[in-house]
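> Have a look at this one before I ask anything.
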Amino acid sequence: MIDKISTLGGYIHEYQKSVENPQAFWSRIAESFFWRKKWDKVLDWNFTEPRINWFINGKLNITENIFERHLFTRGDQPAIIWEPNEPNDENRVLTYNELFLEVKKFANLMLNLGIGKGDRVAIYMPMVPELAIAMLACARIGAIHSIVFAGFSANSLADRINDAEAKLVITSDGGYRGNKIIPIKEIVDEALESCSSVEKVVMVKRTNSDINFNTERDIWWHEAMAEAGEENKAELMDAEDTLFILYTSGSTDKPKGIVHTCGGYMVYSAYTFKNVFQYSDGDIYFCSADIGWITGHSYIVYGPLLNGATTVMFEGIPTYPDAGRYWDIVNKYGVAQFYTAPTAIRSLISMGQEYVENKDLSTLKVLGTVGEPINEEAWHWYHDHVGKNRCPIVDTWWQTETGGISISPIAGIIPTKPGFATLPQPGIQPIIVDGDGNELSSKSVEGNLCIKYPWPGMLRTIWGDHERFKKTYFSTFENLYFSGDGVKRDEDGYYRILGRVDDVINVSGHRMGTAEVENAINEHPLVNESAVVGYPHEIKGQGIYAFVVCGELSTGGEEGIKTSIRKGVTKIIGPIAKPDKIQLVRGLPKTRSGKIMRRILRKIAQGDYSNFGDISTLLDTSVVEEIIKGALEDV
Ligand code: 6R9
């Protein structure tokens, strides 16, 4: 078992050890896991190639560290408590024994389908227990899971399936979200029209929806599971074998398949879970994320289960049947740690206090946030109304790429400050650099957030594109991992994340590449070109603002074209990429060399119509005046 840090002095001591001798530090943490063969060497790395290997020649299976390691003491303890969309429907509780049985059976089912070590399996599912079972079964047999958030469109799903050349897709007939039914299988069918690598589709019955059943390809989960064997021996994995791929948006081009490996990710997700949330045996822990994002991977499934914790998995949305749903769940299960996103908090604030005020939340000990900067108002509301002024808030900064929480308070141990992610976790060595890569070493500075030494949970490559991996993360600043975030450090050495400094927008805590949205808009037959920027949005954190240059307007006029652009983007990427504001413009502000000056568009989108800085390189300044005029009139 991992020892928890329990005092501020303990944190300082651990942190120092992790920096002075990272290999000895991580070796000690890794020893608390079950390895079939111990590693020969802790770390081998080079950020310029780049090459990162942890626990070299160590052999393990992450599921043996979830199940075999815990069954003796915790077999009958709940591993997953599943809360359905409808509060009055029956919930499901899977003990470690029960979850293990399902995982072994599904592992056997996949083996029977010819899926084995190294094969890619795409998972496109609503938040049902079978999602966790499927991912753990992949890990059990060494297949690489690639989970695609079920809010993405058929087109986005197809891109991800094709990039990974997945052989199997695991899905469901439909999914419930609030009062909506999502036609999951229909989306999969559409995606698979352009995916030649996929041989089989396994489908959970959830909504009993009418679906197309392709007898050559489709398999019902419940039918195949009824025949699956119950014994399964875990595949022996190398520490550096790929555990999963998870796609995330970048500033250019298509989404990147972030690759995480078995050994390092296990050690890091488990270690940070235990420390940051100060999880104690018997606590009920609830993270409201979707497993389709990294937060769900690391802090609904792997981190908690590796620690033998009880993790709540919620199918629905925070506002159904009303805006008190999270608090009802906290109360129903006696949740001790609750982890959510600032955007959820802000949307609940806007619904009114009455939904939280009269709820008994006395079991809560720790509150967490993730995904985007938290504004002070939301922080205080969370602290006062949910935490009743007694629960520390851990504002956790990390990324799909970091695998686990990287800069964050340790609950109740590192004193918090609203809006600050505070201090680095042991093993994380942040460094702030200016635009030229010079270290800004004094305490109170602002610049680009980099990390200068590897940690076990970091990504190892981009699936199928190591060159892009190098270019994206290790080429901006020499010998440093570049996060893409801007950061400010105060006189106490506390870090405050300022947001992305690249062309990525953070919409409701989800990353969206501006280029991706522009490409989708540009597919519209009447659009000549477009530029997309983020702007401050009261609930979402950032909203999407699109400046669009059209040819002739068709019937339906301006409103008609805006509606059809929104529809097109939803179809191509998914509803999360739908522009909040669209402004039709005659031209975009460009330099003489043809580069769009996004800096100016960002200002206009923020409602700041001056302070454009140097615009002498602009080809045509009248374009800017026209855009301002249009923005003022209405968007
Ligand atoms: C875990 C996750 C990563 C980006 C990251 C940053 C933003 C995440 C934050 C935060 C301020 C925090 N971000 N946590 N910004 N404070 N506590 O969200 O991963 O989806 O890859 O997004 O989210 O901009 O670079 P991912």
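The values are calculated or read from the model by the stated rules, or taken from the named source; none is laboratory data. Here the structure is a predicted model, which means the values were calculated and not measured. Note that each Cβ is placed from the backbone with ideal geometry, even for glycine, and that neighbours are counted across all protein chains shown. Surface areas here come from the heavy atoms of the whole protein model, side chains and all, with no ligands, DNA or RNA. Shrake-Rupley method; radii C 1.70, N 1.55, O 1.52, S 1.80 Å.
> Pairs needed: first member in segment 394-410, free of Cβ contacts under 8 Å to residues at least 12 places away in the same chain and open to solvent by 10 Å² or more (accessible area, probe 1.4 Å); second member anywhere, more than 7 Å from the ligand (Cβ to nearest atom) and part of a loop (DSSP other than H, G, I, E, B); C-beta distance under 8 Å; at least 6 residues apart or different chains.
Matching pairs, first to second residue: none at all.
> Same structure, new question: For Ile521, which of the numbered conditions (1) more than 22 Å from Asp395 (Cα to Cα); (2) outside any helix (DSSP H, G or I); (3) open to solvent by less than 10 Å² (accessible area, probe 1.4 Å) fails to hold?
Going through the list (1) more than 22 Å from Asp395 (Cα to Cα); (2) outside any helix (DSSP H, G or I); (3) open to solvent by less than 10 Å² (accessible area, probe 1.4 Å), Ile521 breaks only (2).
> Under 6 Å between Cβ atoms, which residue pairs at least 6 apart in sequence (or on different chains) link something in segment 492-514 that is over 26 Å from Lys578 (Cβ atoms) and of a type outside the set (D, E, K, R) with a partner that is near the ligand (Cβ under 10 Å from one of its atoms) and part of a loop (DSSP other than H, G, I, E, B)?
Here the result reads Tyr494/Phe420; Tyr495/Ala421, each pair linking segment 492-514 to a residue that is near the ligand (Cβ under 10 Å from one of its atoms) and part of a loop (DSSP other than H, G, I, E, B).
> If you don't mind, there's one more thing I want to ask. Conditions: (1) over 26 Å from Ile462 (Cα atoms); (2) touching a residue at least 24 places away in the same chain (Cβ under 8 Å); (3) surrounded by fewer than 24 Cβ atoms within 10 Å (Cβ to Cβ). Val103 meets all but one. Number of the miss?
With respect to (1) over 26 Å from Ile462 (Cα atoms); (2) touching a residue at least 24 places away in the same chain (Cβ under 8 Å); (3) surrounded by fewer than 24 Cβ atoms within 10 Å (Cβ to Cβ), Val103 is out only on (3).
> Check Pro321 against each of (1) touching a residue at least 40 places away in the same chain (Cβ under 8 Å); (2) farther than 24 Å from Trp379 by Cα; (3) crowded, with 23+ Cβ neighbours inside 10 Å and name the one condition it does not meet.
All conditions pass for Pro321, except number (3).
> Could you tell me whether segment 386-393 includes any residue that is surrounded by 14 or more Cβ atoms within 10 Å (Cβ to Cβ) and either at pLDDT below 95 or within 13 Å of the ligand (Cβ to nearest atom) (or both)?
Taking every residue of segment 386-393 in turn, at least one turns out to be surrounded by 14 or more Cβ atoms within 10 Å (Cβ to Cβ) and either at pLDDT below 95 or within 13 Å of the ligand (Cβ to nearest atom) (or both).
> Still on this structure: Can you work out which of the residues in segment 358-372 that are at pLDDT 95 or above and open to solvent by 50 Å² or more (accessible area, probe 1.4 Å) is nearest to the ligand (Cβ to nearest atom)?
My answer is Lys365.
> To continue, here is another question. Looking for something part of a strand (DSSP E or B) and at positive phi - is there at least one such residue anywhere in segment 462-483?
Of all residues in segment 462-483, those part of a strand (DSSP E or B) come to 462, 481-483.
Among the residues that remain, those that are also at positive phi are: none.
Checked segment 462-483: no residue is part of a strand (DSSP E or B) and at positive phi.
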